[in-house]
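Accompanying notes for the structure given below.
Only the coordinates and a few stated rules stand behind these numbers; no lab work does. The structure displayed is predicted, hence computed values, not measured ones. Heads up, the Cβs are rebuilt from the backbone with ideal geometry, glycines too, and the neighbour counts pull from every protein chain shown.
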Amino acid sequence: MAHSFEFYSPTKVIFGKDAEGKIGKEAKACGASSVMVVYGGGSARRSGLLEKVESALDAEKIAFCELGGVVPNPRLDKVYEGIRTGRERRVDFLLAVGGGSVIDTAKAVAYGLAEPEYDVWELFAHTRTAKRCLPVASVLTIAAAGSETSKGCVITNERTGEKRAYDDNLARPKFAVMNPDYTKTLPDYQTESGCVDIMMHTMERYFTNGGTMEITDALAEGLLRTVMKNAVTLHHNPGDDDARAEIMWAGSLAHNDLTGCGNDGGDFMSHKLEHELGGMFDVTHGAGLAAVWPSWARYVYRDCLPRFVRYARNVMGVAAGGSDEETAEAGIRAMEEFYRSIEMPVNLEELGVRPTDGQIGEMAERCLAACGGRTGSAKKLTREDMIRIYENARGSGQSGREGAPALHAAGPAE
Ligand code: NZQ
Ligand code: ZN
């Protein structure tokens, strides 16, 4: 029996070649008069996109200032810097040019500017909810996080190592400009990490014990098969226009809640477990998900067997014939093989991190706190379950007693 749901995805999507030419007019239509252009470590400047965005604002006589230097697993200090600058420049609109880290920084600055009387971190600490948020829009350069249409915002407090999410419809972007051409400068590791993240946003909603709908499952399974096919294409031919476009659109559909309508909100424990890895070891989000998922899946599948069987058959193409448990296990193995085929890690060792027992205990403790009581749907996890999943994810040959943190194990640099 399906649950009731509300589907709210108000972001206007402007997709395709030369889409960035429309930015000025769209910003104007949103009432922007003083824009903060947020960007990352320089890829948007090198590709010429930033210049085009700023020219488009100039053409509409919209004033703007810049907030550059956002890093992956974006930091709270950069958010505070943006809020200070935004106040001085009386910013009334945030325009993110980049990926999830840049868009999330723009969202967090937008919350901070709209409610100057509060510390924005309180939202991520879940000690209050937002009443207001300035308008945000995005010009996407990597298909991955889905932040361009999502209600999510994920920020890392570099002082405590906590990476925390705050979800609120207030921050859904007003518009998202998506020209797949601009993703062609991505290193393969980022492209494929992005593909994993897109798949995981769908899978987190799929592996649930909270009901579903046939249409939702069909959308999810079609999306997963499409992303897998095109992820392989891009691994071998990064310049493939069609594959770039398929993946970019899939990224938005995977995380605008479309693939979760009618269930209980999904599981999302692989994400929660990965966020702690990101906060402690600064790993690339999608690669971290690939490294955690097989361990999570093997730990929980018996508690969610019909979904794992369906997944094995309809997504991974496992032939009928074996028992349900055998089919589910074959589906998990096939997923690992797929990750390997696009050079994604399937355990922590391959990810490049070697957490000690103490660090695993700390991540489990923090993960439990971040869950706020919602610890999964495929299986509700305890702190001890989380410890086992991290331990089982270590990979071969690791005792975990001599391990040292591999800080900044974020994959090959661009
Ligand atoms: O900083 P620059 O120079 O732009 O380089 C970035 C960065 O190093 C590079 N990059 C992006 N576009 C590029 C490019 N390099 C060359 N050419 C391009 N066109 O890619 C690197 C990663 O960028 P990032 O923005 O971190 O990637 P992604 O979109 O994967 O975002 C990851 C962040 O989003 C959060 C993650 O936890 C992580 O912090 N998430 C946000 C969500 C949301 N708001 O709804 C949901 C997700 O589950 C996720 O948690
Ligand atoms: Zn994600």
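What does the charge count near A29 come to, summing +1 for each Lys or Arg and -1 for each Asp or Glu among other residues with Cβ under 12 Å from its Cβ?
Here the count lands on +3.
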Seminar exercise, completed: For F207, the residues 5 or more places away or on another chain with a placed amide H closer than 5 Å to its own amide H are D267
Problem set entry | Hz values of 3J(HN,Hα) by residue in the stretch 348-358 - Karplus curve (6.51, -1.76, 1.60), Gly and Pro given as x | 5, 4, 5, 6, x, 10, 10, x, 6, 4, x
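What relative contact order, as a whole-number percentage, does the chain give when Cα pairs under 8 Å and 6 or more residues apart are counted? Numbers along the way, then the final one.
Numbers: 831 pairs, mean separation 64.6, N = 414.
Answer for the chain is 16 percent.
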Exercise. What angle, in degrees between 0 and 90 and rounded to the nearest 10, separates the Cα long axis of helix 49-59 from the longest principal axis of the Cα atoms of the chain?
Worked result: 40
Seminar exercise, completed: In the chain the DSSP beta bridges are antiparallel at a rate, in percent to nearest 5, of 15
Seminar exercise, completed: Listing H271, H126, H255 by rising number of other beta-carbon atoms within 10 angstrom, fewest first, gives H126, H271, H255
Seminar exercise, completed: One would report the Cα pair-distance distribution of the chain, bin width 20 Å, in %, as 28, 60, 12, 0
Seminar exercise, completed: Under 5 Å from the placed amide H of E66, counting only residues 5+ away or on other chains, we find V37
Problem set entry | Table column - 3J(HN,Hα) (Hz), the stretch 218-226, Karplus curve with 6.51, -1.76, 1.60, x for Gly and Pro | 5, 4, 5, 5, x, 5, 5, 5, 5
Exercise. Between the helical axis of 188-206 and the dominant principal axis of the chain, each derived from Cα atoms, what acute angle in degrees is found, rounded to the nearest 10?
Worked result: 70
Exercise. What percent does the relative contact order of the stretch 1-139 come to when contacts are Cα pairs within less than 8 Å and at least six residues apart?
Worked result: 25
Exercise. Over the stretch 118-197, what relative contact order in percent results from Cα pairs under 8 Å that are six or more residues apart?
Worked result: 37
For this session: Enumerate the amide H contacts of A96 below 5 Å, restricted to partners 5 or more residues apart or on another chain; note that Pro and chain-start residues carry no placed amide H.
Result: V38, A137, S138, V139
For this session: For the stretch 108-113, take each phi angle, set θ = phi - 60°, evaluate the Karplus expression 6.51 cos²θ - 1.76 cosθ + 1.60, and give the result in whole Hz per residue in order, putting x for glycine and proline.
Result: 5, 5, 4, 5, x, 6
Exercise. Against the longest principal axis of the chain, how steep is helix 76-88, in degrees 0 to 90 to the nearest 10, with axes from Cα atoms?
Worked result: 20
Problem set entry | Cα centroid separation - the stretch 162-193 against the stretch 1-79, whole Å | 11
Exercise. In which sequence would I332, I103 go, from the one with the fewest C-beta neighbours within 10 Å to the one with the most?
Worked result: I332, I103
Exercise. Using a Gaussian network for the chain with springs between C-alpha atoms less than 10 Å apart, which of these wobbles most: G21, G373, G112?
Worked result: G373
